[in-house]
Amino acid sequence: MATEFVTAADGTDIAYECVGDGRPVVLIHGFGANRIITWSNTNWYQTLSRAGHRVIAIDCRGHGESQKPHSTLSYDEGRMAADVIAVLAELNVPEADIMGYSMGAMLAIRLMHDAPGRVRRAVLGGLGENYFRSDPERAEIIARGFLAEDASTIADPVAREFRVFCERAGNDLDAMAACMRRRRHVFTPEELRDLNMPVLVVGGADDTTAGSPEPLAKALPEGRALVVPKRNHHSTVGDRVYKEAVVAFLAE
């Protein structure tokens, strides 16, 4: 598995890798992680390639092996969704299944909106009813935590948790702050009604970060929800119940 790169429209280099053969499925990781942490280390590459898929796993800009700009404008969600389209264009893939987790699921929704012809089916993992509750003030507190000189001085426990996670993952903290401050468009239930592709929304029963997947699934014309028992935001991604449901959903 060799890392490949494509240059996005704004000049940012995006890293990706391909595994297996068959119907393509694009994997988009969560904030502060990368394609290895979210998908390879949890055996998703193996699960999907064995099920007959060509896995296309992307490092979002600012993460993994992709370029890490420090400008907040660089992380506009429209640009981040366009990075996926750039990879598909480089590979001559006109249409693919998309699976995103947490931030990656938000980007998948943006991709479904901006380029619906590119998306056959979508899986939104680690995303639920809290998608509709954007909190710019909370995002700013977390961003400031990334920029603090000493992590021990961060009073907010959530901001401190983000900082520790991103440091352990080897992230560029200035890039993390810029990405956290990115401009986001939360699509309303009325806007989501125009997205007609089949969508599986997955969340852990104990995932207080995402909330229940059911309200988000109900807002999508072809949405369905899966609640993974006894799993939280971090433990859902590698769960067997989640994997089996996705393999069956993508086989339809």
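Summary table
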quantity: Amide hydrogen neighbours beyond the local backbone of Val119, cut-off 5 Å, H modeled; calculated: Ala96
quantity: Selection from Val84, Ala248, Leu73 lying farthest towards where the dipole of the chain points positive, charges on Cβ; calculated: Ala248
quantity: The chain: relative contact order as a whole-number percent, Cα under 8 Å and 6+ apart; calculated: 19
quantity: Region 1-105, dipole about Cα centre (Lys/Arg Cβ +1, Asp/Glu Cβ -1), debye to the nearest 20; calculated: 280
quantity: Cleavage-rule hits (trypsin sites (Lys or Arg not before Pro)) in region 147-252: DSSP loop, at most 12 neighbouring Cβ within 10 angstrom; calculated: Arg183, Arg193, Lys230
quantity: Distance histogram for region 122-252 (every C-alpha pair counted, 5 angstrom bins, percent rounded to whole numbers); calculated: 2, 10, 16, 17, 17, 16, 12, 6, 2, 1, 0
quantity: Between region 198-243 and region 115-156, the alpha-carbon center distance in angstrom; calculated: 17
quantity: Accessible area (Å², 1.4 Å probe, nearest 10) - Leu220; calculated: 10
quantity: Percent carbon-and-sulfur accessible area, the chain, ignoring ligands, DNA and RNA, probe 1.4 Å; calculated: 48
quantity: Per residue accessible area of the chain, 1.4 Å probe, in Å²; calculated: 44
quantity: Helix-derived mean residue ellipticity, 222 nm - over the chain, DSSP H n ≥ 4, -39500 (n - 2.57), to 500; calculated: -10000 deg cm²/dmol
quantity: Percentage relative contact order, region 83-124, counting C-alpha pairs under 8 Å, at least six apart; calculated: 45
quantity: Probe 1.4 Å, all protein chains present, accessible-area order of Glu167, Glu77, largest first; calculated: Glu167, Glu77
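The values are calculated or read from the model by the stated rules, or taken from the named source; none is laboratory data. The model shown is predicted, which means the values in this text are computed figures rather than measured ones. With ideal geometry, Cβ positions are generated from the backbone for all residues, glycine too; neighbour counts draw on all protein chains shown. Accessible surface areas use protein heavy atoms only, side chains included; no ligands, DNA or RNA. Shrake-Rupley method; radii C 1.70, N 1.55, O 1.52, S 1.80 Å.
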